[in-house]
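The values are calculated or read from the model by the stated rules, or taken from the named source; none is laboratory data. Being a predicted model, the structure only gives us computed values, none of them experimental. Quick reminder, even Gly has a Cβ in these numbers, built from the backbone with ideal geometry, and neighbours come from all protein chains shown. Surface areas here come from the heavy atoms of the whole protein model, side chains and all, with no ligands, DNA or RNA. Shrake-Rupley method; radii C 1.70, N 1.55, O 1.52, S 1.80 Å.
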Amino acid sequence: MIIVMSTTATKQQIDKVVEEIEALGFKPHLIHGEDREVIACIGHENRKIDLLDLQVFEGVEAVVPISKPYKLASSETKRKPTVIPISEGVQVGGDFLCVMAGPCSVESREQLLETAQAVKAGGGHVLRGGAFKPRTSPYDFQGLGEEGLKLLAEAREQTGLPVITEVLDPHDVELVERYSDILQVGARNVQNFALLNELGKTRKPVFLKRGMSTTIREWLLSAEYIMKGGNPQVMLCERGIRTFETATRNTLDLNAVPVLRGETHLPIAVDPSHGTGHWQYVIPMAMAGVAAGADALMIEVHPHPELALSDGGQSLTPKRFNELMAHLRPLAQVMGRRL
Ligand code: PEP
Ligand code: MN
């Protein structure tokens, strides 16, 4: 259920409704709309009938049932698309097209700083780079850990680019949020509920990647975990799903973009690097993602892909990243977006 307050509701009236919601055993979540407050009530489905009584409270305009299982993420609860501010002049959502780019893994100071400068020069807005890497094989490079986080912070200092990096372990959330502007949840952790609960407690935006076999409904319920915990700043990233096709690493499910646009107010990103697994397909699928309506792109860039410790085959060189940006400029304009 959501309680829609009238545009003229006073603070006292809102407080009284909140009190009553709590007394009925529900958890109220205040959503600040442009001209009114909306209060989402989280609690037992079979007790929601009690909430209808709130209709008679002063300042209440309507008590509306929410049919979706993801209450806070649903566009039924909040129609206006959410815009997440990242840094001065950079946001995810609205009329902005945010390009996040950088190496799959932070490998060394030289590699990261060189890539960061290239991303900055090419017109990227956010620097990506993994310090804790979720690798299929335990024998593969696992990332530099905190040392990698420090290098990301140094690259931000040098370039002014905000940074995004993955947090793998719920125990590392505090550590990673000390260094990173955005916390990434990787495909393999989309249903790590302990991690999602921990991320609900942070005040940093969360970039939630789709799992390789996660339905859109399951993915939105994962977003709901973070939001229910008190963190409304969640963005969703389509990064490809597993299908029978082997010509590409994953199948980039661009259907997800318009489906999500209808289902949720949360911003939507597309990652054509993991979505295709081949640098040759990254530019066309990045453009397709933007044409489908994505608010952000995540692109892997490496100055020497042949030497990369992870995902070299899908990484763009700085020169190819510049080409991507040149392709995106006129497209962004057609889509009514600032790049
Ligand atoms: C990554 O962004 O480097 C990554 C590991 O992505 P995913 O979780 O989508 O596989
Ligand atoms: Mn990668």
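Kindly express, to the nearest 10 degrees and within the range 0 to 90, the angle between helix 109-122's C-alpha long axis and the longest C-alpha principal axis of the chain.
70
Once amide H atoms are placed 1.01 Å from N in the peptide plane, what residues at a sequence separation of 5 or more from GLU37, or on another chain, have their amide H within under 5 Å of its amide H?
Result for GLU37 returns MET5.
What length, rounded to one decimal in nm, is gained on full extension from LEU175 through to ALA23, with 0.36 nm per residue of separation minus their alpha-carbon distance?
Gain on extension, LEU175 to ALA23, equals 51.0 nm.
When the chain is treated as a GNM, springs tying every alpha-carbon pair under 10 Å, which of THR246, THR159, THR82 comes out with the largest mean-square fluctuation?
THR246
Note down the Stokes-Einstein diffusion coefficient of region 167-322 in µm²/s, whole number, using a Kirkwood radius over alpha carbon pairs, 20 °C, and 1.002 mPa s.
135
Rounding to the nearest 10 and keeping the result within 0 to 90°, find how far the Cα-based axis of helix 279-292 lies from the longest principal axis of the chain.
Helix 279-292 and the main axis of the chain meet at about 30 degrees.
Convert 37 °C to kelvin, take the viscosity as 0.692 mPa s, use the Kirkwood radius over C-alpha pairs of region 95-246 as Rh, and evaluate the Stokes-Einstein diffusion coefficient in µm²/s, rounded to a whole number.
Estimated via Stokes-Einstein, D reaches 208 µm²/s.
Do any trypsin sites (Lys or Arg not before Pro) in region 1-101 lie in a loop, going by DSSP, with at most 13 other beta-carbon atoms within 10 Å of their beta carbon, and if so which?
Sites meeting the loop and neighbour criteria: ARG79.
Convert each backbone phi in region 8-15 into a coupling constant with the Karplus relation 6.51 cos²θ - 1.76 cosθ + 1.60 (shift: θ = phi - 60°), then list the ³J(HN,Hα) values in order as whole Hz, x for Gly and Pro.
3J(HN,Hα) across region 8-15, in whole Hz: 9, 4, 8, 4, 4, 5, 5, 4.
Please work out the FRET efficiency for the pair PHE244 and ALA291, using the Cβ-Cβ distance as r and a Förster radius of 35 Å; give the result to the nearest 0.05.
With a Förster radius of 35 Å, E is 0.85.
If you count the DSSP beta bridges with both ends in the chain, what percent of them are antiparallel, to the nearest 5?
If we restrict to bridges inside the chain, about 40 percent are antiparallel.
Work out from phi, with θ = phi - 60° and the Karplus expression 6.51 cos²θ - 1.76 cosθ + 1.60, the ³J(HN,Hα) of each residue of region 29-34, listed in order in whole Hz, and give x for Gly and Pro.
Couplings: 10, 7, 10, 7, x, 5 Hz.
Just how large is the dipole of the chain about the Cα centre, in debye to the nearest 20, putting +1 at every Lys and Arg Cβ and -1 at every Asp and Glu Cβ?
Computed charge dipole of the chain: roughly 540 debye.
If you average 1/r across every pair of different Cα atoms in the chain and take the reciprocal, what Kirkwood value do you get, in Å?
20.7
Where q = 0.20, 0.23 Å⁻¹, what log10 of I(q)/I(0) comes from the Debye formula for region 233-274, counting one point per Cα?
Log10 I(q)/I(0), no solvent term: -0.62, -0.75.
Keeping all protein chains in position, work out how much accessible area MET285 exposes to a 1.4 Å probe, and write it in Å² to the nearest 10.
60
Quick one: compute the contact order of the chain, relative version, from alpha carbon pairs under 8 angstrom and 6+ residues apart, as a percent.
Relative contact order of the chain: 16 percent.
Going through the cross-link list LYS27/LYS71; LYS48/LYS204; LYS80/LYS209; LYS71/LYS133, which pairs have a Cα-Cα distance over 20 Å in this structure?
Too far apart for the 20 Å limit: LYS48/LYS204; LYS80/LYS209; LYS71/LYS133.
Only loop residues by DSSP count here, and only those with at most 13 other Cβ atoms within 10 Å; note down the chymotrypsin sites (Phe, Trp or Tyr not before Pro) in region 144-212 that meet that.
Filter output for region 144-212: empty list.
Going by amide H atoms built from the backbone, whose H comes under 5 Å of the H on VAL301, apart from near neighbours?
Excluding prolines and chain starts, which carry no amide H, the hits are GLY102, CYS104, LEU316.
Would you look at the GNM of the chain, springs on alpha carbons closer than 10 Å, and say which of GLN184, GLN12, GLN111 moves the most?
Top of the fluctuation ranking is GLN12.
In Å and whole numbers, how far do the C-alpha atoms of region 79-158 stretch along each principal axis, longest first?
Principal extents (largest minus smallest coordinate, Cα): 46, 29, 19 Å.
When only Cα pairs under 8 Å and 6 or more residues apart are kept, what is the percent relative contact order across region 66-141?
Answer for region 66-141 is 22 percent.
Using the Karplus equation 6.51 cos²θ - 1.76 cosθ + 1.60 (θ = phi - 60°), what ³J(HN,Hα) coupling, rounded to whole Hz, does each residue of region 179-195 give in order, writing x for Gly and Pro?
Values, residue by residue: 9, 9, 7, 10, 9, 9, 9, x, 3, 6, 10, 4, 10, 7, 5, 5, 5 Hz.
Counting only Cα atoms, I'd like the Rg/Rh figure for region 127-198, Kirkwood definition for Rh.
0.97
Could you give the distance between the Cα centres of region 98-138 and region 11-90, to the whole Å?
39
Please report, in debye to the nearest 20, how large the charge dipole of region 239-330 is about its Cα centre when each Lys and Arg carries +1 at its beta carbon and each Asp and Glu carries -1 there.
Dipole magnitude for region 239-330 comes out near 120 debye.
Just tell me the longest site-free run in the chain, where the sites are GluC sites (Glu not before Pro) in a DSSP loop having at most 14 other beta-carbon atoms within 10 Å.
The answer is 89-244.
Could you please state, rounded to a whole Å, how far the C-alpha centre of region 178-248 is from the C-alpha centre of region 270-314?
19
For CYS98, what residues show an amide H to amide H distance below 5 Å, using hydrogens built from the backbone and excluding near sequence neighbours?
Those lying under 5 Å, H to H, from CYS98 are GLY93, ALA296, LEU297.
Give a quick list of chymotrypsin sites (Phe, Trp or Tyr not before Pro) in region 223-305 that DSSP marks as loop, anything other than H, G, I, E or B, with at most 10 other Cβ atoms within 10 Å.
Answer by residue number: PHE244.
Run the quick spin-label model on LEU331 and SER87: label points 7 Å from Cα toward the beta carbon, then report their separation in nm to one decimal.
Taking the simple label geometry, LEU331 and SER87 are separated by 2.4 nm.
Over region 107-155, what is the mean sequence separation of C-alpha contacts under 8 Å (at least six apart), divided by residue count, expressed as relative contact order in percent?
Computed over region 107-155, the figure is 43 percent.
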